[in-house]
Amino acid sequence: MKTNIKTITLIIAAVAFSLAGCTSSLVTKSETAKQVERSFSGKYEKEVALDYLLYLPKDYDAKEKLPLLLFLHGAGERGNNLEQVKAHGPAKLIEQGKDFPFIVVSPQCPANLRWNHEWLSALIDEIISKYKVDYNRIYVTGLSMGGNGTWRLATEISNRLAAVIPICGWGDSFAANLIGNLPIWTFHGAKDFVVPIKSTEDLVARIKSFNGNVKFTVYPDAGHDSWTETYNNPEIYEWLLKHTLDQREFKK
């Protein structure tokens with residue numbers, strides 16, 4: 001089956017800088033040389049384009065809904081050549097002929113940038129709108145910079161995800177409490193000098209401190225490449241499919 005290539009363009013609207021009811025001409029003499037309270041509202045728009053590889057399982061037409069796996073590559077695969085995305089992970093395995101029970105989406109991060117959770121959340125929306133996605137089974141995985149992107153999505157859109165697998169990544173341990181009980185299985189090489197294992201250890205310790213749902217696998221002899229062995233392991237895909245969003249309990 002040929003891998004389809006799509007491009008997504010998204011508009012992000014948010015609050016921006018536009019003074020409401022206050023301009024320099026309205027400043028009174030009594031307001032100078034001290035702090036006064038002001039507010040603003042407005043609109044901020046940003047357009048982003050992402051190219052991605054799309055894989056539909058061979059039984060796609062026979063299914064009503066299918067799980068979605070979002071794969072985030074590392075820093076070395078950034079740019080505008082989707083062939084680079086096939087270097088590692090699920091995208092590589094699909095190119096080699098492996099069948100997956102997921103819709104697999106492998107976007108390419110633009111050169112000199114890092115994964116942005118707003119782009120990726122909008123991409124998920126785009127895929128859901130166009131394909132038969134089971135929104136109760138949306139999974140994310142990534143390696144190195146993609147591991148960082150996976151941790152970032154875990155903190156930003158935890159309530160949309162069923163499970164994640166970040167590999168040799170890093171993240172903000174202070175934001176880890178936002179992950180809640182999202183199931184996480186994370187991997188790291190003990191001899192990784194590119195992204196030191198402490199990056200994952202700190203996150204895991206923080207998650208365990210509030211009784212989060214995390215598994216941690218360490219490869220004692222591995223360096224930065226802890227992803228090849230992980231993605232070649234069928235157990236990780238079986239583990240993902242055991243988790244659904246509607247099984248999770250959310251704090252009210």
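Read-outs throughout are calculated quantities, based only on the coordinates presented, and are distinct from any laboratory measurement. On a predicted model such as this, the values are computed, not experimentally measured, just so you know. Cβ coordinates were reconstructed from backbone atoms using ideal geometry, including for glycine residues, and neighbour counts include every protein chain displayed.
To two decimal places, what compactness ratio does the chain give when its Cα radius of gyration is scaled by 2.2 N^0.38 Å?
With N residues counted in the chain, Rg over 2.2 N^0.38 Å equals 1.16.
About its Cα centre, what dipole magnitude does region 112-252 give when the only charges are +1 on Lys and Arg Cβ and -1 on Asp and Glu Cβ, stated in debye to the nearest 20?
For region 112-252, the charge dipole is close to 380 debye.
Dipole size in debye (nearest 20) for region 40-196 around its Cα centre, Lys and Arg Cβ +1, Asp and Glu Cβ -1? Each step should come with its number before you reach the end.
On the way: 16 positive and 17 negative charges, 40 e Å.
Rounded to the nearest 20 debye, it is 200 debye.
Would you mind calculating the gained length between ASN232 and VAL48 on full extension (0.36 nm times residue separation, minus the Cα-Cα distance), in nm to one decimal?
Working: separation 184, 0.36 × 184 = 66.24 nm, distance 3.25 nm.
Contour length minus the Cα-Cα distance gives 63.0 nm.
Express in whole angstrom the spacing between the alpha-carbon centres of region 173-229 and region 40-115.
22
Go ahead and estimate [θ] at 222 nm for the chain from helices alone: -39,500 (n - 2.57) per DSSP H run with n ≥ 4, summed, over the residue count, rounded to 500.
-6500 deg cm²/dmol
Once fully extended, how much extra length lies between LYS34 and ASN136, figured as 0.36 nm per residue of separation less the alpha-carbon to alpha-carbon distance?
31.5 nm
How much length is gained on full extension from ALA111 to ASP125, taking 0.36 nm per residue of separation minus their Cα-Cα distance? Don't skip to the end; give the middle numbers.
Numbers: separation 14, 0.36 × 14 = 5.04 nm, distance 2.33 nm.
The ALA111-ASP125 span can extend by a further 2.7 nm.
Between their Cα atoms, which of LYS43/LYS242; LYS46/LYS198; LYS86/LYS132; LYS86/LYS191; LYS43/LYS130; LYS46/LYS242 are more than 30 Å away from each other?
The pairs that break the limit, which is 30 Å between Cα atoms, are LYS43/LYS242; LYS46/LYS198; LYS46/LYS242.
Once phi is turned into θ = phi - 60°, what whole-Hz ³J(HN,Hα) does the Karplus curve with 6.51, -1.76 and 1.60 give for every residue of region 233-246, x standing for Gly and Pro?
Coupling constants for region 233-246: 8, x, 5, 5, 6, 5, 5, 4, 5, 6, 10, 10, 4, 6 Hz.
In degrees, nearest 10, range 0 to 90: what is the angle between the Cα axis of helix 117-130 and the longest Cα principal axis of the chain?
60
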